[in-house]
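Participant: Okay, handing you the structure first.
Taken together, the values in this text are just the output of simple stated rules run on the coordinates, not laboratory data. All figures in this text were calculated on a predicted structure; none of them were measured in a lab. Here Cβ is always computed from backbone atoms with ideal geometry, including for glycine, and neighbour counts include all displayed protein chains.
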Amino acid sequence: MVKTPEQSHASLERELRRLSEKYSWDEAPPSVKQRIRTIKNRLSAQRSREQARKYVEQLEGTVKELAEESDILARRLEEVPFPPLHPKASSPTWTGVDGSMNTRFIS
C-alpha cells in the first residue's frame, strides 16, 4: 500500500502501528520493511521540520526583543549629556621634521 508524501502525520503513525502489529520485523516481506522504513523516515523528517520551525520562531522572538531593547537604550543614550572630548582645545598643530609647518615628506 503506497501512500503519497502528503499523508498526514496521524495517518502515517496509524499505518506504522498497523504494519508493526501485523508483521514482526524478521518475518516481514521486503516491501513491508521498506514501507516501515519510509514511514519512519517521513515521521522523523516531519519532527525535524517542526523543531526547526519552532527554533526559528524562538530566534525571531529573541531578535525582536533585542531590537526593542536596543532602541530603548539608544534613546536613553541620546539623553545622557557627554562632556566634549577636547574641551576648548584647538586643532592640533602639525610640524614637519625640520620644525616648520610644512608637512611634506622630506626625501
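Participant: Say R0 is 22 Å: what FRET efficiency, to the nearest 0.05, do SER20 and ALA52 get from their beta-carbon distance?
Facilitator: Numbers: r = 27 Å, r/R0 = 1.25.
The formula returns an efficiency of 0.20 here.
Participant: Set the Förster distance to 25 Å, then compute FRET efficiency between VAL63 and HIS9 from the Cβ-Cβ distance, nearest 0.05. Intermediate values should be presented prior to the final figure.
Facilitator: Numbers: r = 29 Å, r/R0 = 1.17.
Step by step, r from the Cβ atoms, then E = 0.30.
Participant: Please list, in order along segment 18-29, the HN-Hα scalar couplings obtained from phi with the Karplus expression 6.51 cos²θ - 1.76 cosθ + 1.60 (θ = phi - 60°), rounded to whole Hz, x for Gly and Pro.
Facilitator: Taking θ as phi minus 60°, the curve returns 4, 5, 5, 6, 7, 10, 8, 4, 5, 9, 6, x Hz for segment 18-29.
Participant: In which sequence would VAL32, VAL63, VAL80 go, from the one with the fewest C-beta neighbours within 10 Å to the one with the most? Don't jump to the answer; show the numbers that get you there.
Facilitator: Values: VAL32 16, VAL63 10, VAL80 6.
Lowest to highest Cβ neighbour count: VAL80, VAL63, VAL32.
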